[in-house]
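This report refers to the structure that appears directly beneath it.
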Amino acid sequence: MLQPSDFKHRRQQLMRRLKKNSVALIASAPHHHRNRDTEYPFRQHSDFFYLTGFNEPEAVAVFAPGRKQGEFVLFCREFDPEKAIWTGQHAGLEGAREHFGADEAFPIAELATQLPDLFADRDRLYFHIGHEAGFDAQVMAAVNVVRGRARTGVQAPYEFVALEQVLHELRLFKTAAELDLMRKAAAASVQAHRRAMRVARPGRHEYEVEAELLHEFGLQGCRSPAYPCIVAGGKNACVLHYTANNEALRDGDLLLIDAGAEYENYAADITRTFPVNGKFGTSQRLIYELVLQAQAAAIAEVRPGKRWIEPHDAAVKTLVQGLVDLGLLEGKVPKLIKEGTYKKFYMHRTGHWLGMDVHDVGAYKVGGKWRELQPGMVLTVEPGLYVAPDCTEVDPRWRGIGVRIEDDVLVTEDGCEILTAAVPKSVADIEALMAEAA
């Protein structure tokens, strides 16, 4: 679990990176209604949580370097004993100061009256510009109040900067404490995928397997998946973000599962593909082992000093050569890559950043060049091949086969660490695990 000192350190890092005489602010996530008086489970905005650890809606955090009364100001709901009876404890102003490190705390209802004083005589203002129209309006209304004080000698901010420009670079590099949480999310996800391999059988439904995944997440202390589970049998695996999860599993089909748990706001992201009946068919095995080979080639490129694009390039080169060897493509490999002919079978990138968000923040290019990988970055490596069921230009034996293999990979000082390696992915290991459960 992250400690108050972790969040304080993050705030200090952020404020050190702001330009001189600046102020920054960020709003919490809102509640979203599911229907009438029922709400979706609340999940805090990742940036807000990263800086505050505060897990309530209706809050705004302000960071004002050098402010004499205190640099961290938190606006939140006042404590309401009656509300606590219905929905549980909440911090209130006292809790904001005592438990979350706020130097000052004000009722959220006072935001409009207090913000102008916090903005006064600051040259620039950092916030999430354009993310929420209502919050943008609140911020600019406060700026205009300060502008109206010009004759009293007060200056309003004249430069507006996207907060993510500074904040997301901090989030890209994970600390040891963050990695502990990511390892827990990964461990829960590993157990869930192993469980899915044990229970999947012909005649069961995709939603039954999904229920097993979610059950295991909960048993491991993960109350929520990091994203909607993809449980795609047969041709459904050729739909990249398939989430209907409502069809029966058929003997002779593959099952692609893309699912990861979230633990204390940190995500895991694993994909495995395996035979519903426990045995790969010949065509399935050939496609599967090609994807596995491509993943190994990509992971070999994950180490400090390598560029972000290099794992993807290695995967593509391996996949295209394999597609030619199997007869699904014809031509010279370099030309097929240059022309993008392979994209009818492999249409996505080989990975993304991973952290508090499953598709985590952080620039992929710096100064117009693919950025170098550095220790502390976590990324997914997830090549795949998808032969659409109506792809008439290939032999029928390949049609409807979809395979993706994905692991979470930490860049270390001397290479990389696969956080999700305990889920079987060789043909022999998968078939052995499924045979145990038969």
Notebook entry, point to check: Counting just the residues of segment 214-228 that are closer than 14 Å to A188 by Cα and either among the hydrophobic types (A, V, I, L, M, F, W, C) or under 15 Å from the mean Cα position of the chain (by Cα) (or both), which one comes out most open to solvent (accessible area, probe 1.4 Å)?
Noted result: L219
Notebook entry, point to check: Taking segment 230-241, which residues are assigned to a loop (DSSP other than H, G, I, E, B) and either under 20 Å from Q284 (Cα atoms) or aliphatic (A, V, I, L, M) (or both)?
Noted result: V239, L240
Margin query: So in segment 146-181, with the set limited to residues that are assigned to a helix (DSSP H, G or I) and touching a Leu at 6+ places or on another chain (Cβ under 8 Å), which one is nearest to E372 (Cα to Cα)?
Written below: L170
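Being among the small types (G, A, S), under 15 Å from E382 (Cα atoms) and touching a strand residue (DSSP E or B) at 6+ places or on another chain (Cβ under 8 Å) is the filter here; which residues of segment 271-314 pass it?
Here is the first cut: in segment 271-314, the ones among the small types (G, A, S) are 278, 281, 283, 294, 296-298, 300, 305, 314.
Checking the rest, the ones that are also under 15 Å from E382 (Cα atoms) come to 294, 296-298, 300, 314.
Within segment 271-314, just A298 meets the criteria.
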Notebook entry, point to check: Only one residue in V199, V154 is under 29 Å from L255 (Cβ atoms), β-branched (V, I, T) and open to solvent by less than 60 Å² (accessible area, probe 1.4 Å). Which one?
Noted result: V199
Note to self: Considering only segment 328-335, I want to know if a residue exists there that is open to solvent by less than 10 Å² (accessible area, probe 1.4 Å) and touching a residue at least 60 places away in the same chain (Cβ under 8 Å).
What the structure shows: no
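Can you name the helices (runs of 4 or more DSSP H) wholly within segment 15-104 that have at least 3 residues being within 29 Å of A156 (Cα to Cα)?
On the way: elements: 46-52, 81-87, 92-98.
So the answer is 46-52, 92-98.
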Note to self: Just to be sure I understand the filter: pairs with C-beta atoms under 6 Å, separated by 6 or more residues or on different chains, first member in segment 269-291 and at pLDDT 95 or above and surrounded by 22 or more Cβ atoms within 10 Å (Cβ to Cβ), second member of a type in the set (S, T, N, Q) and in a strand (DSSP E or B). Which pairs pass?
What the structure shows: D269/T380
Next item on the list: Give just the number: which of (1) open to solvent by less than 10 Å² (accessible area, probe 1.4 Å); (2) in a strand (DSSP E or B); (3) over 27 Å from Y342 (Cβ atoms) does E262 not satisfy?
Entry: (1)
Item checked: Residues located in segment 383-416, provided they are loosely packed, with under 15 Cβ neighbours inside 10 Å and acidic (D, E) -> D390, E393, D395, E413, D414
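Which of the residues spanning segment 423-438 are in a loop (DSSP other than H, G, I, E, B) and surrounded by fewer than 14 Cβ atoms within 10 Å (Cβ to Cβ)? Show your work before the answer.
Of all residues in segment 423-438, those in a loop (DSSP other than H, G, I, E, B) come to 423-426, 438.
Result: S426, A438.
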Item checked: Every pair of residues 6+ apart whose Cβ atoms lie under 7 Å, when the first sits in segment 90-102 and is modelled with pLDDT of 95 or more and open to solvent by 10 Å² or more (accessible area, probe 1.4 Å) while the second is in a loop (DSSP other than H, G, I, E, B) and among the hydroxyl-bearing types (S, T, Y) -> none
Checklist line | Residue check for Y242: among the aromatic types (F, W, Y) and open to solvent by 10 Å² or more (accessible area, probe 1.4 Å) | finding: yes
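Take M377 and tell me if it is surrounded by 19 or more Cβ atoms within 10 Å (Cβ to Cβ), within 25 Å of the chain's Cα centre (by Cα), modelled with pLDDT of 95 or more and not charged (D, E, K, R).
Working: surrounded by 19 or more Cβ atoms within 10 Å (Cβ to Cβ): yes; within 25 Å of the chain's Cα centre (by Cα): yes; modelled with pLDDT of 95 or more: yes; not charged (D, E, K, R): yes.
Against the criterion (surrounded by 19 or more Cβ atoms within 10 Å (Cβ to Cβ), within 25 Å of the chain's Cα centre (by Cα), modelled with pLDDT of 95 or more and not charged (D, E, K, R)), M377 qualifies.
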Notebook entry, point to check: Can you find even one residue in segment 32-53 that is loosely packed, with under 13 Cβ neighbours inside 10 Å, more than 22 Å from the chain's Cα centre (by Cα) and among the aromatic types (F, W, Y)?
Noted result: no
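The values are calculated or read from the model by the stated rules, or taken from the named source; none is laboratory data. Source: prediction; values computed, not measured. Heads up, the Cβs are rebuilt from the backbone with ideal geometry, glycines too, and the neighbour counts pull from every protein chain shown. Ligands, DNA and RNA are stripped out before the accessible areas are found, and what is left, the full protein with its side chains, is counted by its heavy atoms. Shrake-Rupley method; radii C 1.70, N 1.55, O 1.52, S 1.80 Å.
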